[in-house]
Amino acid sequence: MDIETFLNNEKPQQDYRCGFVAIVGRPNVGKSTLMNHLIGQKISITSKKAQTTRNRVTGIYTDNTAQFVFVDTPGFQTTHRNALNDRLNQNVTEALSGVDVAVFVIEAMRFTDADRIVMKQLPKHTPVILVVNKIDKAKNKYDLEAFVEQVSSEFAFAGHEVVSAKHGLRIANLLELLKPYLPESVPMYPEDMVTDKSSRFLAMEIVREKLFRYLGEELPYAMNVEVEQFEETENGLLRIYIAVLVDKDSQKAILIGKGGERLKKISTEARLDMEKLFDSKVFLKVWVKVKSGWADDIRFLRELGL
């Protein structure tokens with residue numbers, strides 16, 4: 001269904017709700033995994049390495065009573081200070097300014113100074129739900145309850161929920177908790193739409209995920225991905241050219257690997273994921289480009305959309 005037909009024909013049922021939900025927290029608490037489970041499809045990249053999300057990814061979940069528009073923000077960065085991280089932190093602040101309800105995600109049994117720094121950014125006039133993720137880290141429910149009570153004493157949360165984003169536990173409970181905070185409204189997007197991000201963006205995110213997964217601790221912190229060409233041929237083939245930006249030649253060698261094997265593996269797996277996501281054959285070319293100092297180049301960050 002195209003959007004024009006959707007807007008002209010769809011009638012909202014009584015008490016239908018639709019609104020924006022920001023997901024915030026320090027790096028690596030499971031925000032992207034949580035959003036993927038909330039919408040029922042993977043659109044936000046996940047990795048054990050912190051700071052995988054660099055753009056505000058919007059995911060959409062629709063049922064017969066509400067439409068949730070989730071904004072997955074970068075983890076608020078409190079250690080590395082450069083133009084890139086200042087821009088990421090600004091993205092978090094901007095995301096919080098225009099939502100109906102915010103979700104503050106922390107790890108079970110671990111509440112750090114970095115969490116408290118993020119907590120200070122939480123809006124005072126927007127409801128905030130505390131979500132305690134990775135509940136398997138708690139020895140028992142009594143320890144978990146005491147932990148939730150301790151954290152709740154430090155901020156006026158509108159409510160709380162405990163979940164396991166990795167295993168999809170209590171996700172439905174969280175949706176029900178969030179629903180009353182959405183305003184009564186017609187849905188903003190067609191019911192089968194799960195993200196407002198472009199195919200170019202999703203292709204870029206897939207490559208970034210493979211880089212995070214295959215490089216681990218070797219991954220250069222100052223690294224980004226940009227789509228240089230994305231086109232569909234007459235026979236339906238997608239031709240996608242993606243550059244990986246790094247600071248130094250030594251980092252380029254790490255990404256390429258011995259005999260080019262590492263980059264080839266990353267490219268192959270990314271192509272297979274793209275073909276599944278786009279339901280089309282894909283020709284993918286990935287290469288590494290050295291651009292010294294890009295993470296501190298404000299103008300270049302704007303060009304990348306960061």
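The values are calculated or read from the model by the stated rules, or taken from the named source; none is laboratory data. In this text, all values refer to a predicted model and were calculated from it rather than measured experimentally. Positions of Cβ are backbone-derived with ideal geometry, glycine not excepted, and every protein chain shown enters the neighbour counts.
Taking region 174-218 as the range and being among the β-branched types (V, I, T) and more than 19 Å from T62 (Cα to Cα) as the test, the residues that pass are I206, V207. Of all the listed residues (D143, D192, D196), the sole one being in contact (Cβ under 8 Å) with a residue 24 or more places away in the chain and touching a Ser or Thr at 6+ places or on another chain (Cβ under 7 Å) is D196. Residue check: M109 meets all listed conditions (1) touching a Lys or Arg at 6+ places or on another chain (Cβ under 6 Å); (2) closer than 15 Å to V24 by Cα but one, namely (2). Identify, from the list K134, K166, the residue that is touching a Gly at 6+ places or on another chain (Cβ under 8 Å), farther than 16 Å from V24 by Cα, assigned by TED's automatic domain parsing to the domain that holds T58 and not small (G, A, S). On inspection, the qualifying residue turns out to be K166. V207 meets each of the listed conditions (1) at pLDDT below 90; (2) in the same structural domain as A253 (by TED's automatic domain parsing) apart from (1).
If I filter region 113-148 down to residues being of a type in the set (K, R), outside any helix (DSSP H, G or I) and over 19 Å from L177 (Cβ atoms), which single residue comes out as nearest to the chain's Cα centre (by Cα)?
Kept after step one, since they are of a type in the set (K, R), are these residues of region 113-148: 116, 120, 124, 134, 137, 139, 141.
Subsequent filtering for residues that are outside any helix (DSSP H, G or I) retains 120, 124, 134, 139.
Applying the additional criterion that residues be over 19 Å from L177 (Cβ atoms) yields 120, 124, 139.
Numbers: K120: 21, K124: 23, K139: 29 Å.
Restricting to residues being of a type in the set (K, R), outside any helix (DSSP H, G or I) and over 19 Å from L177 (Cβ atoms), the top hit is K120.
Just checking, does region 149-167 include any residue being of a type in the set (A, V, I, L, M, F, W, C), part of a helix (DSSP H, G or I) and loosely packed, with under 14 Cβ neighbours inside 10 Å? Among the residues of region 149-167, not one is of a type in the set (A, V, I, L, M, F, W, C), part of a helix (DSSP H, G or I) and loosely packed, with under 14 Cβ neighbours inside 10 Å, which makes the answer no.
Is it the case that F278 is at pLDDT 90 or above and under 26 Å from Q41 (Cβ atoms)? So that I can check it myself, show each step before the final result.
Numbers: at pLDDT 90 or above: no; under 26 Å from Q41 (Cβ atoms): yes.
So F278 does not fit the description; no.
Is there any pair with a first residue in region 225-240 that is touching a residue at least 24 places away in the same chain (Cβ under 8 Å) and a second that is assigned to a strand (DSSP E or B) and of a type in the set (V, I, T) whose Cβ atoms are under 6 Å apart and which are 6 or more apart or on different chains, and what are they? Pairs found: V227/I242; F230/I240; L238/V282.
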